[in-house]
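Comments concern the structure below.
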Amino acid sequence: MPFLNATGLSREIGEGSGIFAIHKGKTNQKKLESLYKISEVLALALPIKDKLGRVLDIIVELLTRIDRAAIILIDPVTTKTTQFIYRSKADEVHARSVFSLDAVSQVIKGRKAVAISDARTEETEIELAATLRMKEITSVMCVPIMSQADVLGVIYLDSLRKPYGFFEGDVALFQHIAQRAVPAIEHSKFTFELEKAADKLLNEHSC
């Protein structure tokens, strides 16, 4: 039997048995559980770097096909990096390869998500896909963390050897995660500025 016909028959049998619906249900349940865990972590009284590190641990566990994940926070005015939190499942050689800074830059400038499931066959983001292939990155997703008009940072995920480290619906999921992270990031920034002002005041009085 030709491969396409066999695939079609398998899908028909799968849909008839309900196995695809069960798998989809389990996947959605896992995503909901992960979202709940992330909300709990973001509510903890921890330094922002520790919070976001735990969020990345949950993300890496959720998306089994991704190799690396990072949350990069920036100064909205200067766009300079203020925090870089990183997790990797890749081997030592691949873990050292550079992230797609082009994807990060494109998301910060465009203020919208970028997702390439398979850089080898991408037909829309051709220029970005070419740079991914040069860095041996097979798939990438980068989502902005937005507070009104300001970009506070990005959530970055990639896979190095396997395509489809994520699926189409995951982009919306990570946009939601990014929005949930905003209050924690802003609170951390406010606390830091408050502590900085208090230290300055104490130094002035001690002189």
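Just so you know, all these numbers are worked out from the coordinates, no wet-lab data involved. As the structure is a computational prediction, the values presented were derived from the model and not from experiment. Heads up, the Cβs are rebuilt from the backbone with ideal geometry, glycines too, and the neighbour counts pull from every protein chain shown.
Quick notes
- Estimated inter-spin distance, Val77 and Ala43, nm [label 7 Å along Cα→Cβ]: 3.4
- Flagged links, alpha-carbon separation over 18 Å, of Lys51/Lys189; Lys135/Lys162; Lys112/Lys162; Lys49/Lys189; Lys80/Lys109; Lys51/Lys109: Lys112/Lys162; Lys51/Lys109
- Annotation: peptides 167-180, 120-133, ranked by per-residue average of other Cβ atoms within 10 Å with the highest first, follow the order 167-180, 120-133.
- Residues of the stretch 101-127 with amide N under 17 Å of a point placed 7 Å along Cα→Cβ from Glu136: 101, 119-120
- For the listed peptides 63-75, 27-39, 135-147, a ranking on the average number of other beta carbons within 10 Å per residue, highest first, reads 135-147, 63-75, 27-39.
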